Structure formats: C-alpha cells, structure tokens
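Here the structure comes first, spelled out in structure tokens, and everything after it is commentary.
The values are calculated or read from the model by the stated rules, or taken from the named source; none is laboratory data. Quick caveat, the model's predicted, so the values are computed rather than measured. All Cβ positions, even for glycine, are placed from backbone atoms using ideal geometry, and neighbour counts span all protein chains on display.
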C-alpha cells in the first residue's frame, strides 16, 4: 500500500499552480458581458426594427418620434442592430478595433435609446443603462485581451 501525501502538500501544489496560471485576465468578465450584451441588444434592435417597419401593433399608436415616423425609426433600429451584431463579433475576436468599434456602437445606441423615450420610456432607459455598462466594460478592460505565449 502506498502512503498518501499529507494535506499540506496538496495545498502547496494548488497554490503554486494557481500562481503560475495565466489563463485568467483581469476584466475578462466585463469584456464578455459587454460583447454578450452588444449581441443581445443587437438582436432585439433587429426584431424591433423589423416590427416597426412592418407597422406592427406592438408599438403605441400616434406616438411622436424625433425622427419622422415609426417606419423611419424602424429602419434606424434595424441598421443599428445589424451594426451592433458586427460589433459584438469584433469584441469577441479581441483586439483594439473591436473595443473602439463596440464603444462607438454602444454610444450610438445610447443616443438612439434617449431619442425613443417618448415612445417607450422604461425600455429606453433600461437600454441606456445597459449601454452605459457596455461602454464602461470596454473602456476599462477592453484592449487586446488575448494571452500571449511566453
């Protein structure tokens, strides 16, 4: 029968392996959150844009929009949504371009959310708050997050 090592040996082995483990990069959770939220809001903007273009009964009738009418606002949402999907993929791929592209798209969507407050105020403020979190995550932790060998 072989003797088992003492519990202290396991603890020291674990601590030394975790000190040399460089697979976790500080802020990677924020970058992941930002890219997932960009993708999710992009999909929702595409859906809402298509519904607005079709003049669905989902939207409140006779609402005054800053940009023309509901159909025009639908095209704006559709375009922003598609650009947000590209930004989410760009952030997932890493690199500085994805960071700045994501910040620009989230800023554009935040402005669009504030412009749509007359139509749906609570939804617009919720989207604005998520956009602020996306901008925070990308500006604080967004750079090139890929781990280099060596």
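Below is a table of values for the structure above.
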item	result
Sole residue being out of contact with any strand residue (DSSP E or B) (no Cβ under 8 Å at 6 or more places or on another chain) and closer than 17 Å to residue 34 by Cα, chosen from 66, 127, 117	127
Qualifying position, being surrounded by 15 or more Cβ atoms within 10 Å (Cβ to Cβ) and within 20 Å of residue 43 (Cα to Cα), among 81, 142	81
Some residue of segment 54-71 being out of contact with any helix residue (DSSP H, G or I) (no Cβ under 8 Å at 6 or more places or on another chain), loosely packed, with under 14 Cβ neighbours inside 10 Å and in contact (Cβ under 8 Å) with a residue 60 or more places away in the chain	yes
Verdict on residue 126 being at pLDDT below 85 and either surrounded by 16 or more Cβ atoms within 10 Å (Cβ to Cβ) or assigned to a helix (DSSP H, G or I) (or both)	no
Residue ranges of helices (runs of 4 or more DSSP H) in segment 1-120 with at least 1 members at pLDDT 70 or above	28-53, 70-93, 96-115
